[in-house]
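The values are calculated or read from the model by the stated rules, or taken from the named source; none is laboratory data. Since the structure is predicted, the reported quantities are computational estimates derived from the model, not experimental observations. So basically every Cβ, Gly included, is an ideal-geometry build from the backbone, and we count neighbours across all protein chains shown. Heavy atoms of the whole protein, side chains included, go into the accessibility calculation; ligands, DNA and RNA do not. Shrake-Rupley method; radii C 1.70, N 1.55, O 1.52, S 1.80 Å.
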Amino acid sequence: MNQTTNFEQAFARLEEIAAILEGGQASLDETMQYFEEANELFQFCAAKLNQAEEKLYVISKKQDAFQLEIEEKEQA
Amino acid sequence: MWDDGPSRSDIFTVSAITLEIKELLETQLPTVWVEGEISNFSRHSSGHLYFSLKDESAQLACVMWRMRAGALFFLPRDGLRVRALGSIRVYEKRGTYQLDIARLIPAGFGELQAAFEALKLKLKDEGLFDPLHKKPIPPFPERIGIITSPTGAALRDIQQILNRRMPFVQKILRPTLVQGESAVQDIVNAIEEMNEFGAVDVIILGRGGGTLEDLWAFNEEAVARAVYASRVPIISAVGHEIDFTICDLVADLRAPTPSAAAEIAVKNSVDVAQELNELILSCRRTIDSCLSNYRKTLRSMEQSYSFRRSADVVRQRQQRLDELSRAITSYCLHKFKFQNEKMIQLRKRFSSLHPQAVLERGFALVWHKRLSQFMKTTDDACVDDDLDIHLGKGSLAARITKIVKLDVKWRDAFDEPNH
C-alpha cells in the first residue's frame with residue numbers, strides 16, 4: 001500500500017480481495033499475502049474513520065492563489 | 001412690424017421652465033407602479049441599470065440605481081414583463097423624464113414561470129439535463145466543497161451532518177451570496193474557483209428554504225451553465241423538498257434539502273466501519289476454511305494407501321541402499337587386497353630383474369674399454385683389447401686373448417641343454 005492511497009481506493013481494494021479469496025482460486029501463498037494486505041488496508045481504513053476533522057476551512061482566491069483558513073468552530 | 005410679444009416678466013428661461021416642469025411632475029405624480037415590457041436593457045459598469053418600459057403605443061425611460069439593483073432576485077432582460085415601483089424624475093440637463101425605480105418584480109408568477117419554463121426547455125434541448133452527462137458521486141470523498149451562505153442555516157445543517165457521519169472528511173467552504181441578483185455571478189465564480197482549486201471530490205451547492213424570489217438565483221442560466229461545466233460532481237440542494245430549480249436539474253444529483261445533500265455526500269462512518277469489519281471477517285473466514293481444507297487434504301493424504309505405500313517404497317529403498325552400500329564396500333575391500341598382493345608380486349619380479357641381482361646369480365657384465373660400452377657380441381672385439389669384468393661382488397681387469405665367433409646364441413644353449 002503506497003502513501004497516496006486514499007480511503008476510497010483502500011476500501012475498493014478490500015472488496016476486491018474479499019472477492020478474490022471467496023473465488024477460491026488463489027494458492028495458499030497468495031492467500032496469505034492477500035490476507036496480510038487486507039489487514040493493512042483494514043488498519044488504514046479503521047484509523048481513517050477514527051480521525052476527526054471537524055474544522056471548517058474557508059477558501060478564498062487572492063491574486064490567483066487559493067488560501068485556506070480555518071474558521072473557528074462554533075459550539076453548537 | 002415688430003411685435004415685442006409678452007412683457008419681459010412673462011418669459012421663462014429654459015432652466016426656469018424645466019424647473020417648473022420638474023416641480024409639477026415630481027410633486028403631482030405620487031410614487032406609482034408601472035407595468036410594461038423591458039427593452040434596451042443595459043447595465044452600466046457603475047452597476048446602475050438603464051432600460052425602457054414599453055407597451056404597444058408608448059415607452060418610458062427607466063433607471064435603477066446600483067444600491068437598489070442589488071436587491072433584485074432575478075436578472076432583468078429584454079422582453080420580460082415587469083412591474084416597477086418608482087417615481088418620475090426630470091433630468092434637467094437633457095430635458096427628459098424617467099422612472100426612478102425602487103422595486104422591480106416580474107409582472108406575476110406567470111411571468112416568472114414562463115421565463116423558468118422557457119429556460120428549462122432551452123437547456124433541456126441543449127442537453128444540460130442529460131443523465132449521460134451526470135457524473136457519479138464518489139462513495140468516499142475526502143474533501144467536500146461547500147458553496148453556500150456563510151451565515152445560513154444550510155451551512156450549519158451540512159456541517160453537523162458531515163461531522164456526525166464522517167468526521168474525517170475535510171470541509172471547505174466558499175462563502176457566497178445565495179439570493180439577490182448579485183448572487184448569480186458570485187455562485188458562478190464560486191463553482192469555477194472550486195474547480196480551479198481542484199482538490200475537492202464533490203461540491204454541495206445550495207441554500208435553505210425561502211420564497212420563490214429568494215431561490216431565484218438558482219434558476220438563472222449562468223448558474224445552470226456553471227454547474228454543467230463543473231468537472232467536480234455537484235450535489236444541488238436548494239430550498240425545501242418541493243422546490244425544484246434549474247440548478248437541481250443540471251446538477252449531477254439533486255438533494256431535497258441541504259441536510260439531505262450532506263447525507264448523500266458521505267456514508268455513515270458507523271455503517272462503513274461495520275462494512276469494513278464484515279469484509280475483514282469474510283476474508284478471515286475464507287482463509288480459515290481454506291486452511292482447514294488444506295489440513296483435511298493433508299490428513300487424508302497421510303492416511304491414504306498410496307501415501308502409506310509410498311512410505312513403504314521409501315523404506316524398501318532405504319534397505320536396498322544399505323545392502324548396496326555393504327556390497328560395494330566389501331567388493332572394494334576385496335579388490336584392494338587383491339591389487340595389493342599383485343603389487344607385491346610385481347615388485348618381487350621387478351627386483352629380480354635388477355642387474356645387481358642378475359650378477360649375484362653368477363652372471364657378469366663385460367665393459368669394453370676401447371669401445372666404452374658393455375659387450376653384447378664379439379663383433380667389434382679385437383685381441384689384446386682391455387676389458388673390465390663386473391661380478392656380483394667386485395670386478396676383474398682382463399685382456400682378450402682369443403675371439404670365438406659362435407652362431408648359436410648363449411641363451412639357446414641354455415633353453416635346450418640336450419642339443
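Of the strands (runs of 3 or more DSSP E) entirely within the stretch B:140-213, those holding at least 2 residues that are modelled with pLDDT of 95 or more and open to solvent by 10 Å² or more (accessible area, probe 1.4 Å) occupy B:170-175.
Looking only at residues in the stretch A:1-22 that are closer than 18 Å to B:Arg284 by Cβ and more than 7 Å from chain B (Cβ to nearest Cβ), the one that is nearest to the chain's Cα centre (by Cα) is A:Ala10.
Residues that are under 30 Å from B:Val188 (Cβ atoms) and in the same structural domain as B:Ile161 (by TED's automatic domain parsing), at least 1 per element: which helices (runs of 4 or more DSSP H) completely within the stretch B:216-326 meet that? Hits in the stretch B:216-326: B:221-229, B:246-250, B:258-265.
Evaluated against (1) over 25 Å from B:Ala222 (Cα atoms); (2) surrounded by 14 or more Cβ atoms within 10 Å (Cβ to Cβ), B:Lys93 falls short on exactly one condition, (2).
Listed by first and then second residue, the pairs linking a residue in the stretch B:179-204 that is under 23 Å from B:Pro139 (Cα atoms) to a residue that is acidic (Asp, Glu), with Cβ atoms under 8 Å apart and 6 or more places separating them unless they lie on different chains, are B:Asp201/B:Glu142. For the stretch B:363-384, the criterion of a residue being surrounded by 10 or more Cβ atoms within 10 Å (Cβ to Cβ) and in a helix (DSSP H, G or I) is satisfied by no position.
For the stretch B:91-101, the count of residues that are of a type in the set (A, V, I, L, M) and not in a helix (DSSP H, G or I) is nonzero.
If you go through the stretch A:12-66 and keep only what is polar (S, T, N, Q) and in contact with a Phe, Trp or Tyr (Cβ under 9 Å, 6 or more places away or on another chain), you end up with A:Asn50, A:Gln51, A:Ser60.
Do we find that B:Ile264 is within 14 Å of another protein chain (Cβ to nearest Cβ) and either within 30 Å of B:Ala153 (Cβ to Cβ) or surrounded by 11 or more Cβ atoms within 10 Å (Cβ to Cβ) (or both) in this structure? No, not satisfied. If you go through the stretch B:115-139 and keep only what is more than 8 Å from chain A (Cβ to nearest Cβ), part of a loop (DSSP other than H, G, I, E, B) and open to solvent by less than 50 Å² (accessible area, probe 1.4 Å), you end up with B:Gly127, B:Leu128, B:Phe129, B:Lys135, B:Ile137.
Only one entry in A:Gln25, A:Gln63, A:Gln43 is more than 7 Å from chain B (Cβ to nearest Cβ) and at pLDDT 85 or above, namely A:Gln43. Kindly establish whether B:Asn277 is out of contact with any Pro (no Cβ under 9 Å at 6 or more places or on another chain), closer than 30 Å to B:Arg165 by Cα and more than 10 Å from chain A (Cβ to nearest Cβ). So B:Asn277 fails the test. Annotation: of all residues in the stretch B:72-82 being under 15 Å from B:Arg43 (Cα atoms) and within 49 Å of the chain's Cα centre (by Cα), the one that is surrounded by the most Cβ atoms within 10 Å (Cβ to Cβ) is B:Phe74.
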